[in-house]
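Q: Below is the structure I would like to discuss, written out as structure tokens.
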Amino acid sequence: MGKGLRWTEQWMRRALWLVAFVFAGFLIGLGNQVVDNIIYLAPVPAAEHFLDPAKAGPLQAASREAQKASAEAETALEQAQQKHRVAQANTKSARDAFDNWIATRHATARPDQDEELIARNRELDKLVAAERTALAAVEVQEQVALDAKQAQEKADAAYEALLQPARQAEFEAERRAARKVFLIRLAVTLPLLLVAGALFKYKRSGTYWPFTWGFIFFALFAFFVELVPYLPSYGGYVRYGVGIAVTVVVGRYAIRWLHAWLARQKEAEALPDAQRRTTMRYDVVMERIGKGVCPSCERATNYKDEQLAHCPHCGIGLFDRCPACNTRKNAFTRYCFSCGTRANVSLAD
């Protein structure tokens, strides 16, 4: 902020910059709402949409039936395995009891227990047979589950083979939708950039400059955030190409502006001192002096040198003496800082 600005004006300028950023924030919010809804203008159907119903229908039905059969087989296998575990437990319990009884029989050596031995042995054989039957049932269910799993895998593989071309069609549809969305974004963003460029060129210092700069910030955000990330890649060629083109355009504008500014500076520096002062603004002059540069040519100047009276680069008068009190003073100030006499300064406001 320039040292020549009034205190109230300095704070008002800060407040107006805040207005510019707030205005840009609301515009960005509104733009986001619009951009977020652009995607609905180009919906992309799922891959199943591209399938032939005459071919896909039977395969989907077969896959569902295979899944159902596999689930039923798994359930039956779990039941058979549980029965086999129960049969194993019964056999083990009976065998342990039989072994204990045999041990007791050998210890007592009682012949009257032979019939009971035969009966216990028969009961144990029945349990072993039941365990084998349960194991056979488990093996049968394992085979059924394996067949159902393989049938499901076969049906899924056939459906997946049919789905591959549909996935490619879905990918192509996504690319077309992305291009369409990008073109819509471009159609929305490009006019904003053109308007922002015109405002920057003609209105950036106008009366309503906070709204001008707010719109410029909004347009830049729309370009770099809402458009550039959605550039079609095509292996990076498009993005790098667009980057080169934008750099060339901006660089060319900057170079032309610099040359035009240098030409204007040379013309201004060739004018007489009094005439040159009429083209300079008071606030800008005070700001440049505060930065230690010449207010006319903007080259570094040593204002601490008490012998300095004119710019050594362009010759414009920097210091003079008050006609009333003869005090050395800044040649651009409107009043003498010593006696308050009005100076003959013709700077623009």
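The values are calculated or read from the model by the stated rules, or taken from the named source; none is laboratory data. It should be emphasised that the depicted structure is a prediction, and the values quoted were computed from it without experimental measurement. Please note: Cβ atoms are built from the backbone with ideal geometry, for glycine as well, and neighbour counts cover all protein chains shown. Heavy atoms of the whole protein, side chains included, go into the accessibility calculation; ligands, DNA and RNA do not. Shrake-Rupley method; radii C 1.70, N 1.55, O 1.52, S 1.80 Å.
Q: Being on the phi > 0 side of the Ramachandran plot and touching a residue at least 40 places away in the same chain (Cβ under 8 Å) is true for just one of 315, 292. Which residue is that? Step through it out loud before you land on a result.
A: On the way: 292 fails: touching a residue at least 40 places away in the same chain (Cβ under 8 Å).
Result of the check over 315, 292: 315.
Q: It is to be established whether one or more residues within the stretch 181-204 are of a type in the set (Ser, Thr, Tyr) and modelled with pLDDT of 80 or more.
A: Initial filter on the stretch 181-204 (of a type in the set (Ser, Thr, Tyr)): 189, 202.
Going one step further and asking which of them are modelled with pLDDT of 80 or more, we end up with 189, 202.
Yes, some residue in the stretch 181-204 is of a type in the set (Ser, Thr, Tyr) and modelled with pLDDT of 80 or more.
Q: Given the conditions (1) of a type in the set (Lys, Arg); (2) closer than 11 Å to residue 127 by Cβ; (3) at pLDDT below 60, report the number of the one that residue 110 does not fulfil.
A: (2)
Listed here are the residues, each with its yes/no results for (1) modelled with pLDDT under 85; (2) of a type in the set (Asp, Glu).
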residue	(1), (2)
274	yes, no
283	yes, yes
297	no, no
322	no, no
326	no, no
346	yes, no
349	yes, yes
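Q: What are the pairs with Cβ atoms under 6 angstrom where one residue, in the stretch 15-32, is closer than 9 Å to residue 214 by Cα and the other, located anywhere, is assigned to a helix (DSSP H, G or I) and open to solvent by less than 40 Å² (accessible area, probe 1.4 Å)? Sequence gap at least six, or different chains.
A: 19/210; 20/210; 20/214; 23/214; 24/214; 24/218; 27/218
Q: Being within 23 Å of residue 19 (Cα to Cα) and either open to solvent by 100 Å² or more (accessible area, probe 1.4 Å) or not in a loop (DSSP other than H, G, I, E, B) (or both) is true for just one of 213, 261, 257. Which residue is that?
A: Details: 261 fails: within 23 Å of residue 19 (Cα to Cα); 257 fails: within 23 Å of residue 19 (Cα to Cα).
Every option except 213 fails the conditions.
Q: Of all residues in the stretch 335-344, how many are open to solvent by less than 60 Å² (accessible area, probe 1.4 Å) and modelled with pLDDT under 85?
A: Within the stretch 335-344, the first condition is being open to solvent by less than 60 Å² (accessible area, probe 1.4 Å), and the residues that meet it are 336, 340-341, 343.
From what's left, modelled with pLDDT under 85: 343.
Total satisfying the criteria: 1.
Q: Out of the stretch 286-327, which residues are of a type in the set (A, V, I, L, M) and under 55 Å from the mean Cα position of the chain (by Cα)?
A: From the stretch 286-327, those of a type in the set (A, V, I, L, M) are 286, 289, 293, 300, 308-309, 316, 318, 324; that's our starting set.
Across the stretch 286-327, the qualifying residues are 286, 289, 293, 300, 316, 318.
Q: Here's a follow-up. Can you pull out the residues in the stretch 294-305 that are assigned to a loop (DSSP other than H, G, I, E, B), touching a strand residue (DSSP E or B) at 6+ places or on another chain (Cβ under 8 Å) and surrounded by fewer than 13 Cβ atoms within 10 Å (Cβ to Cβ)?
A: Within the stretch 294-305, 299 is the sole residue that qualifies.
Q: Of the residues 271, 308, which single one is surrounded by fewer than 15 Cβ atoms within 10 Å (Cβ to Cβ) and closer than 12 Å to residue 330 by Cβ?
A: On the way: 271 fails: closer than 12 Å to residue 330 by Cβ.
One residue alone meets the criteria, 308.
Q: In the stretch 241-299, how many residues are under 17 Å from residue 313 (Cβ atoms) and of a type outside the set (A, V, I, L, M)?
A: Matching residues across the stretch 241-299 total 19.
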